[in-house]
Structures are given as structure tokens and as C-alpha cells.
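K.L.:
Take this structure first; my questions come after.
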Amino acid sequence: MIKVLIADDHAILRAGLKHMLSETPDIVVGGEAGNGHETLAKAQAEHWDVLLLDMTMPGRSGIELIKQLKLLVPRLPILILSMHKEDVYAVRALKAGASGYLCKDNAEDQLVAALRKVAAGGLYITPAVAEKLALDMLQGDDMNTPPHTRLSDREYQVFQALVAGESVSEIADRLNLSVKTVSTHKMHILEKMRCENIAELVRYAIQHGLV
């Protein structure tokens with residue numbers, strides 16, 4: 001029996017996933033979490049075969065949460081279920097320690113197979129993500145790679161917030177960072193992306209399907 005912990009801040013989605021998995025005899029949803037703090041607490045409180053994790057929740061989330069989970073419960077397989085397209089976060093999530101990445105759009109068709117795969121110790125990735133991982137390994141820090149792929153995980157998180165219209169102070173409050181730190185990240189992002197201002201960042205994000 002595969003015991004799953006579902007972490008997502010939307011109760012209706014958790015209910016839908018539980019209903020979907022209730023028809024699968026070898027998978028049981030043993031617990032739920034609605035934010036990063038709950039996820040960390042419940043992941044450590046008992047044994048789970050898989051953590052089904054949303055990338056975007058209140059508090060600690062995303063790449064930062066994956067890395068902390070892998071430090072605290074390194075043997076726990078993490079399957080990401082995200083609204084973000086695979087080319088936006090999948091490679092970063094896998095490099096941070098996730099065992100698989102699944103878009104919510106594809107959940108109904110692929111979720112059961114993905115849970116079984118990661119619970120058995122495997123990786124669940126699409127051919128497109130596998131190809132991107134291979135290209136990243138071959139290219140390394142090649143300056144021909146897209147600028148956004150050279151951002152650190154924190155810089156990418158701030159980049160996503162900036163192009164979504166958040167102010168520096170709003171980002172600082174949400175990520176529990178100082179305004180000065182976020183401003184420094186913003187400066188580094190503009191340099192690495194070779195953009196003069198936020199408008200150019202937004203244009204780049206739209207052109208590359210990152211928003």
C-alpha cells in the first residue's frame with residue numbers, strides 16, 4: 001500500500017485528489033497539509049511513501065521547501081503537482097531533490113502512474129523534461145543557454161514575483177526577506193537577464209512562456 005501525504009493550499013483540490021485516488025486499491029491518502037509549515041511537520045511526524053507537493057503555497061514553498069524537506073526527511077520521495085508548466089520549474093525542482101514533476105492539467109491521466117513510479121524509487125518525468133535535463137548537463141554554464149536558466153533558485157523566485165507585478169516590499173514581506181536583499185536580487189536579475197527595467201523582464205517572460 002502506498003501511503004500519500006497531499007500538500008496543497010486549496011482544500012477543494014485536495015478533496016478532488018483524494019476522490020480520484022480512492023478508486024485505486026494500492027494507494028491511500030493518509031494525511032493533508034495546507035501550507036509549508038504543516039508540510040514540514042507532518043512529513044517528519046510519520047512515515048510516508050510519497051509526498052504529493054504543490055509548488056506554490058503560503059509560507060515556505062517551492063524550491064526552498066523541497067530542499068528543506070530533503071534535508072529533514074531525505075528518504076521521502078517528492079512528486080510535484082504544479083500549475084506551472086514543466087519548462088518553468090521542472091528541472092529546478094528535480095535538481096532540488098524532487099522525484100517527479102506533474103502539471104495539474106495532466107494529473108487525471110498520469111497521477112496514479114507517477115505516484116507508483118516515485119514510490120518505487122524511480123523518477124517520473126516527461127520526455128520533454130528529460131531532454132531539457134540532458135541539454136542542461138551538456139551545456140553547463142554555456143552563455144548560449146537562455147538567461148533565465150542562469151538565475152539562482154532564489155533569483156528565479158524573485159523574477160517570477162517581479163513579472164507578476166509584485167513590488168520589492170511585497171516580495172520581501174512574502175518571502176521573509178529584507179527589502180535590501182530583494183533589491184539586490186532584483187539588480188542581479190536585471191544584469192543576468194540583460195534587461196534595463198521590469199518592463200523588459202515582463203516582455204521576456206511573456207515571450208518565453210514564463211508567466
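The values are calculated or read from the model by the stated rules, or taken from the named source; none is laboratory data. This one's a predicted model, so the numbers in the text were calculated from it and none came from an experiment. Glycine gets a Cβ as well: all are built from the backbone with ideal geometry, and neighbour counts include every protein chain shown.
K.L.:
Filter region 41-58 for residues that are surrounded by 16 or more Cβ atoms within 10 Å (Cβ to Cβ) and modelled with pLDDT under 95; which is farthest from the chain's Cα centre (by Cα)?
P.N.:
M57
K.L.:
Does any residue of region 180-203 turn out to be outside any helix (DSSP H, G or I), of a type in the set (K, R) and in contact with a helix residue (DSSP H, G or I) (Cβ under 8 Å, 6 or more places away or on another chain)?
P.N.:
Looking through region 180-203, at least one residue is outside any helix (DSSP H, G or I), of a type in the set (K, R) and in contact with a helix residue (DSSP H, G or I) (Cβ under 8 Å, 6 or more places away or on another chain).
K.L.:
Only one of L81, L102 is surrounded by 15 or more Cβ atoms within 10 Å (Cβ to Cβ) and over 21 Å from A134 (Cβ atoms); which?
P.N.:
L81
K.L.:
Filter region 83-111 for residues that are outside any helix (DSSP H, G or I) and within 9 Å of the chain's Cα centre (by Cα); which is modelled with the highest pLDDT?
P.N.:
A98
K.L.:
Taking the residues in region 138-176 that are part of a helix (DSSP H, G or I) and loosely packed, with under 12 Cβ neighbours inside 10 Å as candidates, determine which candidate is modelled with the lowest pLDDT.
P.N.:
Checked region 138-176; the qualifying residue modelled with the lowest pLDDT is L138.
K.L.:
Residues that are more than 23 Å from N176 (Cβ to Cβ) and in contact (Cβ under 8 Å) with a residue 40 or more places away in the chain: does region 53-76 have at least one?
P.N.:
No, region 53-76 contains no residue that is more than 23 Å from N176 (Cβ to Cβ) and in contact (Cβ under 8 Å) with a residue 40 or more places away in the chain.
K.L.:
Let me ask something else. Any idea which of T184, T126 is surrounded by 12 or more Cβ atoms within 10 Å (Cβ to Cβ) and in the same structural domain as G59 (by TED's automatic domain parsing)?
P.N.:
T126
K.L.:
Quick one: is L201 touching a Cys at 6+ places or on another chain (Cβ under 6 Å), at pLDDT 85 or above and buried (at least 17 other Cβ atoms within 10 Å of the Cβ)?
P.N.:
So L201 fits the description; yes.
K.L.:
When residues of region 22-37 are filtered for being surrounded by 14 or more Cβ atoms within 10 Å (Cβ to Cβ) and at pLDDT 95 or above, how many remain?
P.N.:
Final tally of qualifying residues: 7.
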